[in-house]
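See below for the structure under consideration.
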Amino acid sequence: MDEAFELGNRVRKDFPILNRLVKGKPFVYLDSAATTQKPIQVIEAIKNYYETFNANVHRGIYSIAEEATAAYENAREKVARLINARSPREIVFTRNTTEAINLVMYSWGQNNVREGDMLLATEMEHHSNLLPWHILSKSKRANLKLIGFDKEGFLRLDELEKYKNEDVKLFAFTFASNVLGTINPVRELVKYAKEMGAVTVVDAAQAVPHMPVDVQQLDCDFMAFSGHKMLGPMGIGVLYGKERLLEEMEPFMVGGEMVKTVGFESSEWNDVPWKFEAGTPNVEGAIGLAAAIDYLQHIGMDVIRRHEIKLTEYALDVLVRIGEITYYGPSSPEQRCGLISFNLKGIHPHDLAMFLDNEGIAIRAGHHCAMLLHSKLGTVASARISFYIYNIPSEVDLLVKSLEKIKRMLGI
Ligand code: 7TS
């Protein structure tokens, strides 16, 4: 069988949680779009930090403080290399994707957007990349417009075309939709934005963990993602920003560690990226994320992407054969990331998820923080399965078996 398809079997031994039982059954985890499980290598890296060099960073002059600082900054370099940033100075550590996008909204948006300016986002955004722009447009009396998507879940580029001659200040869009699975043509969208004179904010929460991403090739201005969705711990996220833009921006949080000099009434900010990292940062998070990146790169982001295409292709194929299932987003696995949202006729997604939990299968159900998207689909909720490196085709088979059981029980 294809190497990519075999990946799950190869790596599962590194994920202790996958050995447990749920409701007395083997645990099938199909909710990695919400958060991923952690390999022993990440858990050990965090344990090692606390056991051998736990100290605050950027201030101690004793050995373990220097070791902690070096590990923290080493993590920044790893992130920079992963997405091919020009320099680690373009990497700001945040808590998560949400905080990274809020940072752009407060630090860049509040200082650059004026009354009457136009802001663009899309109808397929997670709330994290929509609500900040609601706040910005309200507080600045700017016009927020949303680009729609078509029946297959592709962005309506014809709608974007309409704004080509407008003075657009910002274009925020997702790299990959956490509901439709659609992978957007980021390079093309950035080109549109440049012609409109807009700054681009790319929500890459569902992209950076799953495929090779090169910010220089994409040429976006900002990109946000979360460590916990890529084998890392919770509470560590990343904002990539072009250095020139970060330099121009004011911090939105102030306090310790982000200043050079402090006078009675004013202060001089630290250099980027530290001026955006006020207070004691999440050192264990950065160290865990660095271990996660090592783990992912050892496999290869291209192998991970192929694995997910294969699994998605297989899952789409077997799911539609069950019958009475509506799935959302593109039909081609090549154009989607490794998740599938669907509805089974006659059963609410929440009931479906509860039933599957009894079978030891964890899936997500609800609006997945994308209420607007669901209302556009004409539904309030959906069930969603999502894959990562440790998933295997036999887990999809177990899911299908359980779905067939539900259908039989409910007479669907
Ligand atoms: N953007 C996208 C596209 C996401 O999928 C998520 C999380 C976020 C932003 C926010 O990430 P956070 O780390 O700041 O919370 N998505 C999901 C999900 O689909 N189910 O749970 C979380």
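Under the 0.36 nm per residue contour assumption, what length would be gained going from the current alpha-carbon distance of I61 and M234 to full extension? Walk me through the numbers before you get to the answer.
Working: separation 173, 0.36 × 173 = 62.28 nm, distance 2.85 nm.
This chain segment gains 59.4 nm when fully extended.
Just to confirm a number: summing +1 for Lys and Arg and -1 for Asp and Glu over residues other than V259 whose beta-carbon lies under 15 angstrom from that of V259, what do you get?
Values: positive: R59, K260, K275; negative: E250, E257, E265, E268, D271, E277.
Net local charge, V259 excluded: -3.
Of the trypsin sites (Lys or Arg not before Pro) in region 60-106, which ones lie in a loop per DSSP and count no more than 16 other C-beta atoms within 10 Å?
Values: sites: R76, K78, R81, R86, R89, R95; in loops: R86, R95.
Qualifying residues, ordered by number: R86.
Order these peptides, 271-281, 224-234, 295-305, 333-343, by their mean beta-carbon neighbour count within 10 angstrom, highest first. Please report the intermediate quantities before stating the final value.
On the way: 271-281: 18.5, 224-234: 26.5, 295-305: 16.0, 333-343: 23.2.
My ranking of the peptides, most packed first, is 224-234, 333-343, 271-281, 295-305.
Let's see if you can work this out: charge +1 on each Lys and Arg Cβ, -1 on each Asp and Glu Cβ, no other charges. What is the dipole magnitude of the chain about its Cα centre, in debye to the nearest 20? Spell out each step's value before the answer.
On the way: 46 positive and 53 negative charges, 212 e Å.
Using only the charged Cβ atoms, the result is roughly 1020 debye.
Considering only DSSP beta bridges with both partners in region 1-155, what is the antiparallel share in %, to the nearest 5? Can you show the working numbers first?
On the way: 3 of 8 bridges.
In region 1-155, approximately 40 percent of DSSP beta bridges are antiparallel ones.
Can you give the % of DSSP beta bridges in region 112-248 that are antiparallel, to the nearest 5?
On the way: 7 of 23 bridges.
Approximately 30 percent, going by the DSSP bridge assignments.
Hey, with R₀ at 51 Å, roughly what FRET efficiency would S139 and I412 work out to, going by the Cβ-Cβ distance, to 0.05?
Numbers: r = 48 Å, r/R0 = 0.94.
FRET efficiency, S139 to I412: 0.60.
Testing the spin-label approximation: label points 7 Å from Cα along Cα→Cβ at E188 and L372. State their distance in nm.
2.1 nm
Report, in whole Å, the centroid distance computed from the Cα atoms of region 324-367 and region 265-311.
Using only Cα atoms to place each centre, the spacing works out to 30 Å.
Where the centre of each part is set by its Cα atoms, how far does region 187-217 sit from region 47-61, in angstrom?
35 Å
For C369, what residues show an amide H to amide H distance below 5 Å, using hydrogens built from the backbone and excluding near sequence neighbours?
Result for C369 returns nothing.
List the pairs from K310/K345; K310/K401; K145/K194; K78/K229; K78/K260 whose alpha-carbon separation is above 22 Å, in the order I gave them. Intermediate results must be reported in sequence, preceding the final value.
On the way: K310/K345 26 Å; K310/K401 20 Å; K145/K194 17 Å; K78/K229 16 Å; K78/K260 26 Å.
With Cα atoms farther than 22 Å apart: K310/K345; K78/K260.
Excluding R244 itself, calculate the net charge of residues whose Cβ lies under 14 Å from the Cβ of R244, where each Lys or Arg counts +1 and each Asp or Glu counts -1. Numbers along the way, then the final one.
Working: positive: R86, R89, K242; negative: E90, D219, D221, E243, E247, E248, D271.
Here the count lands on -4.
So for region 43-297, averaging the separation of alpha carbon pairs under 8 Å that are six or more residues apart and normalising by length, what relative contact order in percent results?
Numbers: 491 pairs, mean separation 61.6, N = 255.
Computed over region 43-297, the figure is 24 percent.
Could you give the angle, 0 to 90 degrees to the nearest 10, between helix 186-196's Cα long axis and the longest principal axis of the Cα atoms of the chain?
Result, in degrees: 50.
Over region 120-221, what relative contact order in percent results from Cα pairs under 8 Å that are six or more residues apart? Can you show the working numbers first?
Working: 145 pairs, mean separation 27.2, N = 102.
Averaging sequence separation for qualifying contacts and normalising by length gives 27 percent for region 120-221.
For every helix of n ≥ 4 consecutive DSSP H residues, a contribution of -39,500 (n - 2.57) applies; sum these over the chain, divide by its total residues, and give [θ] at 222 nm rounded to the nearest 500 deg cm²/dmol. Write out the running numbers ahead of the final one.
Values: 14 runs with 159 residues, N = 412.
So the calculated ellipticity at 222 nm is -12000 deg cm²/dmol.
Separation between the E313 and S394 pseudo-spin-labels, each 7 Å from Cα along Cα→Cβ, expressed in nm?
2.2 nm
Would you mind counting up the charge near P16? Only other residues with Cβ under 15 Å from its Cβ, with Lys and Arg at +1 and Asp and Glu at -1. Numbers along the way, then the final one.
Details: positive: R12, K13, R20, K38, K47; negative: D14, E44.
My count for the surroundings of P16 gives +3.
Can you tell me what share of the DSSP beta bridges in the chain is antiparallel? A percent to the nearest 5 is fine. Intermediate values should be presented prior to the final figure.
Values: 27 of 46 bridges.
Percent antiparallel among DSSP bridges in the chain is about 60.
Between F264 and N165, what FRET efficiency comes out of the Förster formula 1/(1 + (r/R0)^6) with R0 = 51 Å and r the beta carbon distance, rounded to 0.05? Show your work: numbers first, answer last.
On the way: r = 49 Å, r/R0 = 0.97.
That gives a FRET efficiency of 0.55.
No value in this document is a laboratory result; all are computed from the given coordinates. Since this is a predicted model, take the numbers as computed values, not measurements. Cβ atoms come from the backbone with ideal geometry, glycine included; neighbour counts cover every protein chain shown.
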